[in-house]
Amino acid sequence: MARADIYWCDVGGRIVIIDVARDIYLQLPQHLVEALHALRHSGAPAVDPDDRLEALARIGLCDADFGRPAEPSHITVPAQDGPSPATGDVERRPLATGAAIVRIIAMRLAVRLIPLRLLIRWVRRLQSRPSMPMKPGRVAARTALFVQARQLVRARDTCLPDSMALLHFLRSRNMCCRLVLGVRLDPFEAHCWVQDHDMILGDTHERVACFTPILQL
């Protein structure tokens, strides 16, 4: 079967892969895109598989016998933003604000030192804990507090650690939410955000709608 740590999505007819074990993104050349689609829809040829299938197997998109190719990611992006920050929450809840800042700084350090596969393993362990459906008022207040705390430690290109910090911040109160990685092309860019089943948390739909989801945790 395909490798369990390989995920892919279709971005306007082009295929982008995230190889978690190697911590890289790849874009398949067109001849391999065609080969993958043919393999998924028609199966491997009975005799004389060509070099394209062998290349797919080396990448991890199918097994050594060219069977059971990896399926694309099917992840729905909510069309609704989370609630706007409530004015004054940072001042009213300094301990929770401090806890959010500690998580943000810790995760920014972690992504510099820890391989992606281990970070994803940590997120999956975190997500294995019991959770409960979100009450809109409760998640609104906690997400808003996190967003305001993040504004106190501004930095560029920190969507991955900051989203992981928000996930931890919400899951620490057993709130149910998901971490999503997305990609876009021309030029290539990856983005990360947190969502629940019907709204974006700590980000905006306008921003995340530019990306095709490739992995959800």
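Details
- Accessible surface comparison of 11, 123, 111, probe 1.4 Å, protein chains only, largest first: the order is 111, 11, 123.
- The stretch 97-194: trypsin sites (Lys or Arg not before Pro) falling in loop per DSSP and having at most 14 other Cβ within 10 Å: 154, 156, 173
- Each label was represented as a point 7 Å from its Cα along the Cα-to-Cβ direction; for residue 106 and residue 125 these points are 1.2 nm apart.
- Against the criterion of solvent-accessible heavy-atom surface with a 1.4 angstrom probe, 102, 139 sort, most first, into 102, 139.
- Choice from 94, 161, 78 showing the highest fluctuation, given a GNM over the chain with Cα pairs closer than 10 Å: 94
- One chain, two ends: residue 156 and residue 41. Fully extended at 0.36 nm per residue, the span grows by 37.2 nm beyond their Cα-Cα distance.
- Protein accessible area in the chain, 1.4 Å probe - carbon and sulfur %: 54
The values are calculated or read from the model by the stated rules, or taken from the named source; none is laboratory data. Because the structure is a prediction, the values reported are computed rather than measured. Ideal geometry is used to build each Cβ from the backbone, glycine not excepted, and the neighbour counts take in all protein chains shown. Surface areas here come from the heavy atoms of the whole protein model, side chains and all, with no ligands, DNA or RNA. Shrake-Rupley method; radii C 1.70, N 1.55, O 1.52, S 1.80 Å.
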